[in-house]
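What follows is a set of notes on a single structure, which appears directly below.
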Amino acid sequence: MEKTFLMVKPDGVQRNLIGEIVNRFEKKGYQLVGAKLMQIPTELAEEHYGEHKERPFFGELVEFITSGPVFAMVWEGENVITTARLMMGATNPKESAPGTIRGDFAVTVGKNIIHGSDSLESAEREIGLFFKQEELVAYAKDANNWIN
Ligand code: IDP
């Protein structure tokens, strides 16, 4: 089953949005298979956001993502990578639709509440960066028969 890496950023944790965000993905019908509250070390932040190394906002981005605890998660379900991105909304909250997480809770691009993998390749890379294999839990839920 497809998996994605989602993370409530420090602004989302500080604004008490962990529960709200978990609730949205649970209600949608996806399954949580791993989660932890953690403080990201600078080296991990730089690796996670490596594709943005040359961007002018890279320093600011690393500083922000390490500025407080994040809630890192792995979610599983059919088409979860693409659908989670739709549920998050556009990167810049000025463009994210109401009803999406960023559209409902964020105002500026630098503090946009949530991260989610944008492809199968980045999902596998990011899950590997943040979680050990034994931290992911495979389990069956009867309700899945009413979802899939
Ligand atoms: P994504 O998070 O929607 O995948 P990316 O383009 O991968 O978006 O950018 C990563 C993160 O970098 C964004 O979520 C946002 O927090 C931050 N970011 C993007 N553009 C800017 C900017 O112009 N200024 C500050 N931060 C930015």
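The values are calculated or read from the model by the stated rules, or taken from the named source; none is laboratory data. The model shown is predicted, which means the values in this text are computed figures rather than measured ones. A quick note on method: Cβ atoms are made from the backbone with ideal geometry, for glycine too, and the neighbour counts reach across all protein chains shown. Side chains included, ligands, DNA and RNA excluded: accessible areas come from the protein's heavy atoms. Shrake-Rupley method; radii C 1.70, N 1.55, O 1.52, S 1.80 Å.
Annotations
- With respect to the conditions (1) open to solvent by 40 Å² or more (accessible area, probe 1.4 Å); (2) in contact with a helix residue (DSSP H, G or I) (Cβ under 7 Å, 6 or more places away or on another chain); (3) within 13 Å of the ligand (Cβ to nearest atom), residue 81 falls short on a single one, namely (1).
- Residue within segment 127-147 that is open to solvent by 30 Å² or more (accessible area, probe 1.4 Å), within 22 Å of residue 14 (Cα to Cα), part of a helix (DSSP H, G or I) and touching a Leu at 6+ places or on another chain (Cβ under 8 Å) present: no
- Subset of segment 1-23 that is under 16 Å from residue 74 (Cβ atoms) and more than 16 Å from the ligand (Cβ to nearest atom) - its residue that is surrounded by the fewest Cβ atoms within 10 Å (Cβ to Cβ): 1
- Selection from segment 26-52 of residues that are surrounded by 11 or more Cβ atoms within 10 Å (Cβ to Cβ) and among the basic types (Lys, Arg): 28, 36
- Pair list, Cβ < 7 Å and 6+ apart or interchain, from segment 83-94 residues that are of a type in the set (Lys, Arg) to residues that are outside any loop (DSSP other than H, G, I, E, B) and open to solvent by less than 40 Å² (accessible area, probe 1.4 Å): 85/116
- Taken together, the criteria place residue 116 among residues that are crowded, with 20+ Cβ neighbours inside 10 Å, at pLDDT 95 or above and not aliphatic (A, V, I, L, M).
- Residue in segment 123-138 that is on the phi > 0 side of the Ramachandran plot and either polar (S, T, N, Q) or within 14 Å of the chain's Cα centre (by Cα) (or both) present: no
- Leading residue by the ranking (farthest from residue 103 (Cα to Cα)) among those in segment 46-78 that are touching a Leu at 6+ places or on another chain (Cβ under 7 Å) and away from the ligand (no atom under 13 Å from the Cβ): 47
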